[in-house]
Amino acid sequence: YQGAYSQLVGLLGSQTRSAQITAEAQASLQTQAQASRDSISGVNLDEEAANLLRFQQAYQAIAQVISAADTTFQTLLSAIGR
């Protein structure tokens with residue numbers, strides 16, 4: 001009876017330790033997966049600021065083109081109206 005009890009306690013201890021190791025490994029994998037997801041989906045503020053500056057410059061350039069086209073059309077309309 002004592003030997004069977006010792007075997008049962010040993011088996012339970014072994015299975016408990018195995019379950020703990022598995023849980024720790026799964027927690028580690030979850031942490032790594034979340035870190036990978038966050039690094040992919042995260043916002044890089046320096047990159048966003050550079051993009052904002054680039055878009056602002058493009059907007060200003062287009063505004064100058066539109067202004068030049070407006071001036072040209074106004075000049076043409078004035079010339080035709082004379």
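Every number in this text was worked out from the coordinates using simple rules, so none of it is lab data. Nothing here was measured: the structure is a model prediction, and the numbers come from that model. Using ideal geometry, Cβ is built from the backbone for each residue, glycine included, and neighbour counts are taken over all protein chains shown.
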Helix 2-41: inclination vs the chain longest Cα principal axis, degrees, rounded to 10, gives 10 degrees
Dipole of the chain, Cα-centred, from +1 at each Lys and Arg C-beta and -1 at each Asp and Glu C-beta, to the nearest 20 debye? 140 debye
Could you order the peptides 38-44, 51-57 from most to least packed, using the average number of other C-beta atoms within 10 Å per residue? 51-57, 38-44
